[in-house]
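Have a look at the structure below, then the notes.
The values are calculated or read from the model by the stated rules, or taken from the named source; none is laboratory data. Bear in mind the structure is a predicted one, so any value in this text is a computation, not a measurement. Note that we place each Cβ from the backbone using ideal geometry, even for glycine, and neighbour counts take in every protein chain shown. The area values use the complete protein model at the heavy-atom level, side chains included, leaving out ligands, DNA and RNA. Shrake-Rupley method; radii C 1.70, N 1.55, O 1.52, S 1.80 Å.
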Amino acid sequence: MSQAVDKLVIAGREFSSRLMVGTGKYADFRQMARAIEVSGAEIVTVAVRRVNISDRSKESLLDYLDTRKYTLLPNTAGCYTADDAVRTCRLAREAGLSDFVKLEVLGDEKTLFPDNEELLKAAKILIGEGFTVLPYTSDDPIVCRKLEDLGCAAVMPLGAPIGSGLGIRNPYNIRIIMETVRVPVIVDAGVGTASDAAIAMELGCDGVLMNTGIAGADDPVAMAEAMKLAVIAGRLAYKAGRIPRKLYATASSPLEGMVG
């Protein structure tokens, strides 16, 4: 299926790419810009805490992102309470970044797992204020359903802990989440290499968001291209429908009609 036909739709907005990328951990802004360009991503996450909102005269990562080409997705990375996350989103809106936000409320510094109680609280407030909310959450189908019920435009369950590169640790929960909610399911966190991205897409996820998997590679630009191709391949494989797994062999060439 052509990418031009198979669009990702979030809150009424259409995107051709199902890969979303972050802007942190690169060697410099130029490397970041090149990797994002090669990735083909249209949605780019920006940690509000890393943007100098008060003095835009100084060099900023925003100087290297063409907002006519990319949809910015401000995120609340580093927030540990609902109040802090809500305040961060309001700052992003006031600064003219976007009201299309990735909501993170972390539970502790060691695991960076989400605090789902605070996440639900923040999501309710932000949705009430007109934000389009894409929440980073645990791979818990019940929490994802509650987030959808609140009005979140998508759910973003983790594949593994942020920056771990462990891949999809619990594909069965991801499958249950896709059966539980009607909004897009985007795997966020844990993708380490192209095969991880392909697996997420082969499961039927609507998209993949990553940062460290690209920025932390020896060659971030090359990895960005690998991730782009993996997401495309995984989506095509999912749409095509894989053959069933069998314990024993099945001949590739039919034996019927062969002359002895």
Quiz item: Projected area of the chain, taken from the Cα convex hull and averaged over every viewing direction, in nm²?
Solution: 16.9
Practice problem: With a point put 7 Å past each Cα toward its Cβ, work out how far ARG68 is from THR193 in nm, to one decimal. | Solution: 4.0
Exercise. Could you sort 152-161, 31-40 so that the peptide with the highest average Cβ count within 10 Å comes first and the rest follow in order?
Key: 152-161, 31-40
Quiz item: Roughly how many percent of the accessible protein surface of the chain is carbon and sulfur, given a 1.4 Å probe and a whole-percent answer?
Solution: 50
Practice problem: Write down the accessible area per residue of the range 68-196 in Å², having rolled a 1.4 Å probe over the full set of protein chains. | Solution: 42
Quiz item: What nm value, rounded to one decimal, do you get for the distance between TYR80 and GLU14 when each label is placed 7 Å out toward the C-beta?
Solution: 4.5
Quiz item: Can you work out the base-10 log of I(q)/I(0) for the range 143-238 at q = 0.12, 0.16, 0.23 1/Å, using the Debye formula on its C-alpha atoms alone?
Solution: -0.35, -0.60, -1.11
Quiz prompt | Stretch gain in nm, segment THR250-TYR238, where the contour uses 0.36 nm per residue and the Cα spacing is subtracted | solution = 2.1 nm
Quiz prompt | Hydrodynamic radius of the range 1-107 per Kirkwood, over alpha carbon pairs, in Å | solution = 14.8
Quiz item: Which percent of Cα pairs goes in each bin when the distances of the range 123-199 are cut into 5 angstrom slices starting at zero?
Solution: 3, 18, 27, 22, 16, 10, 4, 1
Self-check item: Distance from the range 133-212 to the range 1-52 (C-alpha centre basis), Å
Solution: 17
Self-check item: Viscosity 1.306 mPa s, temperature 10 °C, Stokes-Einstein D of the range 85-132 from Kirkwood C-alpha radius, µm²/s
Solution: 142
Exercise. Quick one: dipole size for the range 101-233, taken about the Cα centre, charges +1 on Lys/Arg Cβ and -1 on Asp/Glu Cβ, in debye to the nearest 20.
Key: 280
Quiz item: When the Kirkwood radius is taken over all Cα pairs of the range 60-202, what Stokes-Einstein diffusion coefficient follows at 10 °C and 1.306 mPa s, in µm²/s?
Solution: 103
Self-check item: Dipole of the chain [Lys/Arg +1, Asp/Glu -1 at C-beta], most positive-end residue of GLY107, GLY234, ALA47
Solution: GLY234
Practice problem: Express the relative contact order of the range 70-126 as a whole percentage, based on alpha carbon pairs under 8 Å and six or more residues apart in sequence. | Solution: 38
Quiz item: ILE142 to ARG87: FRET efficiency via 1/(1 + (r/R0)^6), r the Cβ-Cβ distance, R0 30 Å, to the nearest 0.05?
Solution: 0.65
Self-check item: Size descriptor, Kirkwood hydrodynamic radius, that averages inverse alpha-carbon separations across the range 182-260, Å
Solution: 14.7
